[in-house]
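Nothing in this text is a laboratory measurement; each read-out follows from the coordinates by a stated rule. As the structure is a prediction and not an experimental result, all values here were calculated from the model. Because the Cβ atoms are built from the backbone with ideal geometry, glycine has one as well, and the counts that use them run over all protein chains shown.
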Amino acid sequence: MKAIYILSIALGLSAGQSWAQDLRYTQYNAIPTSINPAFAGSLDEARLVSVYRNQWAAMPGAYVGWHVAADWYNRNLNSGFGILLSQEEAGAGGLSTTRIAGQYAYEIPLGNGWRLRPALQAALGNRSIDMQQLTFGDQLIRGPQISTIEDRPSVSRHYFDFATGFLLTGRYTWLGCSFDHLNNPNESLNTTYIDPMDVKTSVHGGWRMPLVDYMRNKHHGDLVIAFNYMAQGQFDQLDLGVYYDTSPLSFGLWYQGLPFGHTIEGGNDVDAVSAIVGYGHENWKVGYSYDITLNKLGLSTTGGSHELVLSYTWQTQQRKRPQSPRYLPCPVF
């Protein structure tokens, strides 16, 4: 595994073609501003959310990522604002990507509870390698505990990153689309080579159906169907999910892959099946998901993927005025 990791770093530093992808989250509905800035301020309350993901936990140098996001709505301006901080690490922290973004969404009421929200996002990113955490060829021969004779300083690159998106919401339906890395920022750590990021496209939406016993006038929770199609470079994926959303518990099941697609290497494009459980009480919620690997790596090799979400919402003090109710039918896990 060390040799494979060194080869991966070398390819990243040398001139050549690469296919970088952003880390995806199973519980993206819990931190929706991470996939579309148009979700910023989509609630009446201010929102603070954090998510931690350990991808393929059983493999050495697992891919680990976390996001922290805050967003709020200003009724006087019909505008939503958001701040997003994220970090992703691969290879025990040797290769890391950090990004901080500011988000703005303008809300256009369409009547009958429908809202259209175009949005923009501007971010500052950093990609770096800590050479002290790598094992070089001479260390494999003499022992990894011995310092390498290679004299290579840690390298880092800063870049600007821009995104846009829109979101259409009703009382029971939502549909959104976003485009990240619009300016194709250069993420190469080699000063003599340009490696532009591919634009990441996401189309997401869903439908919420209340489960009501009209004979007894009882509400038995909601059934929620959701999807998220993502494409970046040569890669694409379709996530399909179903939730039983009630209070205080929620349960979800997601399929990740392309039902009728195939991988670049050949074979069926089936990545994982994910189980989600969430618990919420008043203004705080916690969610956990576990991805069962179904691709050729197998669950015994990867150990699956773990994800934990914590969220908190609170009322903000704003000037009150008559306004139609604002619904967000998306699940929160």
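Of the chymotrypsin sites (Phe, Trp or Tyr not before Pro) found in region 172-235, the ones in coil according to DSSP and having at most 12 other Cβ atoms within 10 Å of their Cβ are 214. FRET efficiency for the pair residue 162 and residue 223, taken as 1/(1 + (r/R0)^6) with r the Cβ-Cβ distance and R0 = 25 Å, rounds to 0.10. Across region 200-206, computed HN-Hα scalar couplings (Karplus, 6.51 cos²θ - 1.76 cosθ + 1.60, θ = phi - 60°) run 9, 10, 9, 10, 9, x, x Hz from first to last residue, x flagging Gly and Pro.
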